[in-house]
Each structure stands twice: as C-alpha cells, then as structure tokens.
Amino acid sequence: QVRLVESGGGLVQPGGSLRLTCTASGSIFNGDAMAWYRQAPGNQRERVARITSGGSTAYADSVKGRFTISRDNAKNTVYLQMNSLQLEDTAVYYCHVDRALGPWGQGTQVTVSS
C-alpha cells in the first residue's frame with residue numbers, strides 16, 4: 001500500500017523557519033510530481049508548492065521567495081523549506097502525489113505564533 005509520512009511541523013515565532021519532510025513508499029515516487037498543500041481552519045485546502053519528477057518547481061504567490069520545495073529521489077523524500085514564516089502560514093500541511101487520485105499524507109501542524 002502506498003503511504004506518505006510527513007514530519008517537521010511545530011510551533012515557531014514569526015520570521016522563523018521550519019523544514020517539512022515527506023517520505024513516500026514504493027515506486028510511486030520517482031515518476032510522479034509531488035506537492036505540498038495546506039489547510040487552515042475554515043479555509044479550503046490550497047496548493048503551496050509543486051515539484052515535477054525532473055525538478056521543475058511552482059509556488060503559490062503567497063509563499064514565493066520564502067518557501068522552497070525540493071526532492072531526493074534516492075531517498076523517496078520531498079522537502080519544504082519554509083523561511084520568514086508569517087502568522088497566516090499557520091495550517092496543517094499535507095504531502096500529496098500530485099495526480100488524480102494520488103495519495104495524501106496524514107498532515108503535520110505548523111503554527112506560527114508570538
């Protein structure tokens with residue numbers, strides 16, 4: 001069974017940094033685009049960043065210049081480096097195999113608070 005496991009969330013002050021990690025099982029990883037989504041209470045889930053199997057990236061306007069997505073195919077892992085965190089970045093962050101019916105991770109909470 002395909003499985004995605006996220007880690008790295010936590011509580012951070014505004015202006016701080018966190019790095020999220022998502023480890024994928026099996027052979028789903030190398031040929032698939034991967035993405036990070038987030039969902040804040042009362043809001044719809046939104047895509048934050050995406051990376052193709054070849055390493056091309058795309059970002060939501062709200063995180064451009066602050067977040068960086070990367071992947072290590074040898075480790076079946078995708079990362080989200082988050083810098084200059086803001087209060088509005090508070091959300092549950094999900095890893096996703098970015099295709100129709102692609103699997104989701106369980107989510108990791110990121111809280112930005114002073």
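The values are calculated or read from the model by the stated rules, or taken from the named source; none is laboratory data. These numbers come from a predicted model, not from an experiment. Note: ideal-geometry Cβ built from the backbone for every residue, glycine included; neighbour counts use all protein chains shown. Side chains are part of the model used for accessible areas, which takes the heavy atoms of the whole protein and leaves out ligands, DNA and RNA. Shrake-Rupley method; radii C 1.70, N 1.55, O 1.52, S 1.80 Å.
Just going by the charge dipole of the chain, with Lys and Arg at +1 and Asp and Glu at -1 on Cβ, which of 57, 9, 83 is farthest out on the positive end? Farthest along the dipole direction, towards plus: 57.
When N counts the residues of the chain, how does its alpha-carbon radius of gyration compare numerically with 2.2 N^0.38 Å, as a ratio? Write down the numbers at each step before the final one.
Values: Rg = 13.2 Å, N = 114, 2.2 N^0.38 = 13.3 Å.
Compactness ratio reported: 0.99.
Across the stretch 90-99, rounded Karplus estimates of 3J(HN,Hα) from the backbone phi angles (6.51 cos²θ - 1.76 cosθ + 1.60, θ = phi - 60°) give 4, 4, 8, 9, 10, 8, 8, 7, 7, 8 Hz, Gly and Pro being marked x. Taking the Cα-to-Cβ direction at residue 83 and at residue 52 and moving 7 Å from each Cα, how far apart do the two end points lie in nm? Modelled inter-label distance: 2.5 nm. Mean separation of Cα pairs under 8 Å and 6 or more residues apart, divided by the residue count, gives the stretch 49-114 a relative contact order of 22 percent. With a 1.4 Å probe rolled over the protein heavy atoms of all chains, the accessible area of 79, 93 falls in the order 79, 93, largest first.
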